[in-house]
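This report refers to the structure that appears directly beneath it.
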Amino acid sequence: MTDLNGIVSLLIACLEILLVINILIFSKRTHEDAIVILIIVLLLVYQLVEFAICNLNLTSSMMVYFAFAVISLLPPMAFTLVSYFYFYGKISRLIAFLPAIFFLVYYLLVISQFEVAKCTMLYAAYNYPYGFWYGTFYYGEILFSIGLIVYNIKNSVNRYGKKRDKILLFGFLIFTVPMIIAYFLYPFIVEIIESVLCKFAFLFALSLTFFSLEGRKRNE
């Protein structure tokens with residue numbers, strides 16, 4: 001290892017592996033737990049890819065595309081968790097994946113435009129086409145999921161359900177709100193927002209772990 005570029009990504013990936021192990025050991029291993037595990041696995045795979053890009057110099061367009069392929073699945077997977085928990089239908093989940101599929105197919109056609117702009121110990125910056133529209137899909141689905149959780153908290157009469165709702169809501173807010181604040185304080189962060197957001201998303205993974213383990217208590 002010649003430098004420390006990407007080392008934070010490796011550290012976060014290791015911590016997220018520990019979260020997955022905890023869920024596998026201590027949860028009830030329900031469908032909800034499986035979705036939580038998939039979300040955390042996507043996050044840790046992205047961190048490992050970023051480490052490979054920044055520290056091992058695997059900077060090909062295909063590696064950058066793969067990083068985007070991984071994180072593109074996060075918003076629809078997060079919505080899948082919300083929709084499953086609140087009993088929304090399969091069609092809504094399919095629709096949630098359509099924008100991700102569109103971008104992955106289109107980006108594959110223009111893969112040569114993907115490149116690493118900068119790497120540091122804390123983050124990586126990428127160049128890729130149609131960043132505004134990609135961001136609209138990405139953060140739009142996250143905000144929509146937050147809206148659904150808030151709606152269900154207001155309308156739920158189940159105290160246990162509300163407790164898990166609040167854990168899930170906290171998980172979404174704890175990584176989106178700091179990013180929004182950081183954007184207004186430091187507008188240049190938009191250039192590295194994918195990388196930084198996935199760092200903040202460790203807090204999301206931590207909250208999802210509590211959400212999953214809380215499900216076990218219902219049957220104890």
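Quick notes on this one:
- Residue, nearest to I7 (Cα to Cα), within segment 45-67, restricted to residues that are aliphatic (A, V, I, L, M) and in a loop (DSSP other than H, G, I, E, B): L56
- V36 under 15 Å from A205 (Cα atoms) and touching a residue at least 12 places away in the same chain (Cβ under 8 Å): yes
- Residue within segment 68-91 that is assigned to a helix (DSSP H, G or I), touching a Cys at 6+ places or on another chain (Cβ under 9 Å) and not β-branched (V, I, T) present: yes
- Against the numbered list (1) part of a helix (DSSP H, G or I); (2) out of contact with any Gly (no Cβ under 9 Å at 6 or more places or on another chain); (3) at pLDDT below 90, L143 comes up short only at (3).
- Unique match (being within 25 Å of L11 (Cβ to Cβ), of a type in the set (A, V, I, L, M, F, W, C) and touching a Cys at 6+ places or on another chain (Cβ under 6 Å)) among A117, A124: A124
- Matching residues, segment 60-115, being hydroxyl-bearing (S, T, Y) and closer than 22 Å to L168 by Cα: S72, T80, S83, Y84, Y86, Y88, S92
- Residue count for segment 99-130 satisfying the condition of being in a helix (DSSP H, G or I) and in contact (Cβ under 8 Å) with a residue 40 or more places away in the chain: 6.
The values are calculated or read from the model by the stated rules, or taken from the named source; none is laboratory data. Small disclaimer: the values here were computed from a predicted structure and weren't measured. Methodologically, a virtual Cβ is constructed for each residue, glycine included, from the backbone with ideal geometry; neighbour enumeration extends over all protein chains shown.
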